[in-house]
Amino acid sequence: MRNEKKAIFYFFLVLLFFSLGSSIARSIAMTLLMEKLGGDVLPHMFILIDLSIMLTSMTYAKSTQKFSGLKILGFFFILTSLFAIFVQVLLYFNHVQNWIYGFFFVGYFFFYTIILIHVSSVTASYFTAIQAKRVMFLINAGIPIGTILGGISLIILLNIYKFQTDNLVIILAITSLMSFGILYFIKNTLNPVRTSNNVLKRNQSSIAIKYIVNSRLMIYMSLSLLLFVVISKLLEYHYQTVIYIEVFPDTRQRATFFAIYDIFASMVWLLLQVFFTSRLIMIFGVGASNIVYPMLSAIIALSLFVYFYLDTIGLMQGSLVMMLSLGIITQFINQEMRWALRSPATNLLFNAIPSHLWGSNKAFLNGLMFPLSTFIASSFLILITGFESYILPLTVLILSILAIMIAIPQWRAYDKGMFNLLSRQLFSNRSELIRLNKNFKSALQIKLKSSISSHVIAALEMIRVLKLSQFVNQIGNLLLKTPRFEIKQHCINALTVLPVSNSNINYLVEALQREQDAKVIPLILKNLAKFKNFNFNHTIAKFLTHPEPAVFVEACLCLYHHPKFLDKKSIEIQIIKRLKKAKSPDITLYLYALGELCNPRYSHAMLPFLNHPKPEVNLAALKALIRMQNGQLEFHKFRLLRALDSPEKTTKLVALKALNSCESLPDWSAIINLLAARDRSLVNESKNLLKHKLNLSKQSLINKLFTEKISAQQRFEILSLVFLFLNEKQRSDLVQAADEALNNFLFIHALLQQHKLLIYGNKTHDLITKILHEIAEEYLLHVLTVITFAAKENMEFFQRVSRGLLSENRANQGNALEVLSNAGEKYLVNRVLKCFEEGFNKQFNIGNYEAQLFTLDNSMLNECLLYNQTQS
Amino acid sequence: MIPLEKIIVLNQVPLFSSLKIEDIHKISTITTKETYEDGHILFHEGDIGDSLFIVVSGKVKIIKQGVDQPIAILNENDFLGELSLFDAETRTATACCHGECTFLVIEHDDIEQLAHEFPEIAFGFIKVLISRMRNMLAKSS
């Protein structure tokens, strides 16, 4: 927090000094240009300024990838200062040359614009996304305050101390150097949270361009900027050339009006920026706040249109007071609200853009889109001259409605962009990886001939997945020739999935006749069993006497399931006979074979093996039992529930799958408990079962939800099943429990602080610290789980936000908080935001620290404490 | 050495310190405490590596053939042979006890089984090894 205040103060001073000097320089530049060169040169000057910014933007974008933002800003301040000194010297020695005034005007506006573009990125990089939303208005207050101070200073210097305008250019040099000096303090005392420069990577520029082209947010921001510039220019033209000229025909009167307007408008701007904009953005979020400005311009355009239209058709008497009021409001919205509202809100949109791309994106917007928009606006103004005075506000009204329509998807794109920043990888290379080239098939042929097994296997897998039948002969020959088991295995699999033809069957049968390897023969048999329209039972029957159990089993099954094989009974007898004589490793195979017969008559033969001491036999018996019952498992449901207590994961999975076919269960707790398993497949399977039987399991799930001791994961999974069925009372209880969890989270943090102070150096110190961190993490996850469901978000939201908040990186934390603040739930979110923003400073009366640790009821923690006691 | 002491030691070892307590607890169940006298050779350069040693107390000298001085001396909480947890390549140097040394030893097969059973443990190792690789790359560049 101390660093935050320091950062706010320093950046406020940077903007204050810079704006002070700029405001003086702007007045001098404008006055000198008008006096020496006249207003006719103004459009040329603007073209020169835009052109120079456009050209510089390219270099600027590249520099932001190589140098830190602070260094670039310092460089700009030094350049501005040198430029001002140079102009001052020129004016002092050679003030008769008029080109100097033009040079000063263009140079000043160039530096002013380029610094304004860059300074917001630098400032933002010293704050997290959520901090930036809160503090940028205080920092930006430096601009209007600096402008007011600059104006007052200029009046005093000119009217009281009687300075010549020509001699005041040096002030810009002094204030720029002062800003540079503050940057020096920033460099030495603060560290950026979000770095705007990365180590230069290959293709960095192409990544930046790809981002601009592919980012929806950038597209909407570009369109918004284009519309804003056109609207702004049209409005300015309207109040300057239509309203003010009519209200103040005298130039002197008009100048006095502008002076008074500037002082009051800057004050209102300052007040609005500090008290209104910050609240607006904090309450409604960045995306929504960007809709306000186009709405204001639409309202004022509508008012102007109504007034001038009614005046034109003679329905209303022209009133100077009303015109002046409209003019003032229009100018205020166009100028002051731009700085007090639009710019801060638009700058915050950059939060959703990766910080290392800020430079290139800003260069694109300000260096390319801005001049382009100015050109469009100017061309439009030339075209529209001579039309009725209400046409211009009508155009602005249409454009403003368009701007509102763009600001809505821009809002969505911002939220999505923030969310994506929490992902590990911003750009997916998947599309590039999947791209198939023209020589793909010839490449596969080469790979199939490769001497490296992995290459051959990869090619075979590709052929299998894509079912490329033209490779049948090549694979068949490979199967017959290769001595390597893995390659044979992949050849068999590939031949089986390719479209059925005589070729692939012939290759498989030939391989079966030739093959000597007892590991390969069962594979061929298993795959041949899939071709039921072909009769090769005679060949397969030879394998029934094979000594290898795996070969015997596959041969049995292949024949048993073939429609043309009739002597099924002999197969059943042979399997039972072998099972009775079998020793441990082979039992599982015969059990499998028996199960695959799908004949419930043999379940009695299976039952003794369910209590076998070897888990693998157990599992095989369970699988076989399930298979032979053909889904009629109601009678065996207690057996299946008992299997859930097995230490074997696969046994549990098999039992869970089988329980799906049972009508109802007497107790759901064993299945609900599996929602807390660390193995994801177990969680998914138990969740599938509970979901499938939700009508029956719902109440047990809800009861479990409100018991104290459940893990964050279990809570999440239960809520994903039953949240929609909770009533208002239950939902409010859930929020209340989450609120308590947040308090506990803070309390654990307080304990952690105490722990660090009290027994540092103890053997268990680090372990206790870690345990406390894990407990705190569990409480935070509890809160985030409830927020996720209350805000109707999903697992991805939960994972990204929790990962972001638990990260040690402040930028990640800030991004996560910003994503949270955009979520639909407000009460808990605000509490979490407050906790993280205040750095867990809530005071707790810890009392007896050790007793407090004991009350946490964590077995490992208790063991550590007892260990400490015995050691001391 | 009681189980908690094993957990305390494992928690100090960088290879395991980023794992959750629950996982460290599981790993502690497959460790064995071994004590050797001064001069005992833990393994020779060229031996097939199949276990990881964590130094609980004492010092271990790492000696390379043809080099007079030890190339490294390992202290409490240091570990050696971590790559043997993932492959069974030959040892690249000889490790010799300097004074009486106590180790926690983890066998390759045990950790492999544990990693199969609890993939998050394997994932934790991958994270640590990647971070070490990053550091090495940063140093070399």
- Taking a Cβ-Cβ separation under 4.7 Å as the criterion for a possible partner, which cysteines of the protein assembly as shown have none? A:CYS491, A:CYS556, A:CYS558, A:CYS598, A:CYS662, A:CYS835, A:CYS864, B:CYS96
- Message: With the cut-off at 1.5 for a/c, could you classify the range B:18-135 from its C-alpha gyration tensor as rounded, prolate or oblate?
- Response: prolate
- Message: To the nearest 20 Debye, how big is the dipole of the range B:42-141 about its Cα centre, given +1 on the beta carbon of each Lys and Arg and -1 on that of each Asp and Glu?
- Response: 660
- Message: Counting protein heavy atoms only and a 1.4 angstrom probe, how many square angstrom of accessible surface do chains A and B bury in total, to the nearest 100?
- Response: 1400
- About its Cα centre, what dipole magnitude does the range A:668-710 give when the only charges are +1 on Lys and Arg Cβ and -1 on Asp and Glu Cβ, stated in debye to the nearest 20? 80
- Item | Helix axis angle, A:584-596 relative to chain A longest principal axis, alpha carbon, degrees | 80
- Note on the structure: Within the under-13-Å Cβ sphere about A:ALA377, not counting A:ALA377, Lys/Arg +1 and Asp/Glu -1 give a net charge of -1
- Item | Exposure rank, largest accessible area first [A:ILE156, A:ILE787; 1.4 Å] | A:ILE156, A:ILE787
- Task: Treating the angle as unsigned and between 0 and 90°, give the value, to the nearest 10°, between the Cα long axis of helix A:859-871 and the longest Cα principal axis of chain A.
- Result: 90
- Cα-projected label distance for A:LYS66 with B:ILE2, points at 7 Å along beta-carbon direction, nm: 6.3
- Message: Could you compute how much accessible surface A:LYS233 exposes when probed at 1.4 Å, giving the result in Å² to the nearest 10?
- Response: 70
- Task: Report, in whole Å, the centroid distance computed from the Cα atoms of the range A:115-139 and the range A:164-189.
- Result: 20
- Query: By a straight-distance test (C-alpha under 22 Å), which lysines pair with A:LYS36 as possible cross-link partners, with residues fewer than eight away in the same chain excluded?
  - Reply: A:LYS162
- Item | Probe 1.4 Å - accessible area at A:THR31, Å² to nearest ten | 70
- Message: For q values of 0.04, 0.07, 0.09 Å⁻¹, compute log₁₀ I(q)/I(0) with the Debye formula on a Cα-only model of the protein assembly as shown, without solvent.
- Response: -0.33, -0.89, -1.19
- Item | Top positive-direction residue, dipole computed over the range A:728-871 with Cβ charges, set A:SER821, A:LEU865, A:ILE768 | A:SER821
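Please arrange B:THR29, B:THR35 by accessible surface area, largest first, computed with a 1.4 Å probe and ligands excluded.
Sorted descending by solvent-accessible area, the residues read B:THR29, B:THR35.
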- Task: Report the charge-dipole magnitude of chain A in Debye, nearest 20, computed about the Cα centre from +1 at each Lys and Arg Cβ and -1 at each Asp and Glu Cβ.
- Result: 3540
- Item | Surface share of carbon and sulfur [accessible, 1.4 angstrom probe, percent] for the range B:18-135 | 52
- Message: Quick check: Cα centre of the range A:696-767 to Cα centre of the range A:832-872, how many Å?
- Response: 16
- Give me the number: length gained by fully extending B:ILE41 to B:ASN135, i.e. 0.36 nm times residue separation minus the C-alpha to C-alpha distance, one decimal in nm. 30.9 nm
- Proximal charge balance of A:HIS612 [Cβ under 15 Å; K/R count +1, D/E count -1]: +3
- Note on the structure: For the range B:4-28 the residues that are at least 50 Å² less accessible with all protein chains than alone, 1.4 Å probe, are B:LEU4, B:ILE8, B:ASN11, B:LYS20, B:ILE21
- Message: Just to confirm the filter: which trypsin sites (Lys or Arg not before Pro) across the range A:506-559 are DSSP coil and have at most 16 other Cβ within 10 angstrom of their Cβ?
- Response: A:LYS519, A:LYS530, A:LYS532
- From most to least accessible, 1.4 Å probe, no ligand or DNA/RNA atoms counted, B:ILE71, B:ILE27 line up as B:ILE71, B:ILE27
- For the protein assembly as shown, what is the accessible area per residue in Å² when the probe is 1.4 Å? 49
- Task: Grab the range A:728-871 and count how many Lys pairs have their alpha-carbon atoms under 22 Å apart, sequence gap of 8 or more, or different chains.
- Result: 10
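As a quick test, which of the pairs A:LYS519/A:LYS652; A:LYS66/A:LYS362; A:LYS657/A:LYS693; A:LYS6/A:LYS66 have an alpha carbon distance above 23 angstrom in this structure?
In this structure, A:LYS519/A:LYS652; A:LYS6/A:LYS66 lie more than 23 Å apart at Cα.
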- When chain B is modelled as a GNM with alpha-carbon springs shorter than 10 Å, which of B:SER131, B:SER51, B:SER17 fluctuates the most? B:SER131
- Roughly how much of A:TRP99 is accessible, in Å² to the nearest 10, using a 1.4 Å probe? 140
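The values are calculated or read from the model by the stated rules, or taken from the named source; none is laboratory data. Since the model is a prediction, treat every value here as computed from it, not as a measurement. For neighbour counting, all protein chains shown are included, and Cβ atoms are generated from backbone atoms with ideal geometry for every residue, glycine included. Areas reflect the complete protein model, heavy atoms only, side chains present, ligands, DNA and RNA absent. Shrake-Rupley method; radii C 1.70, N 1.55, O 1.52, S 1.80 Å.
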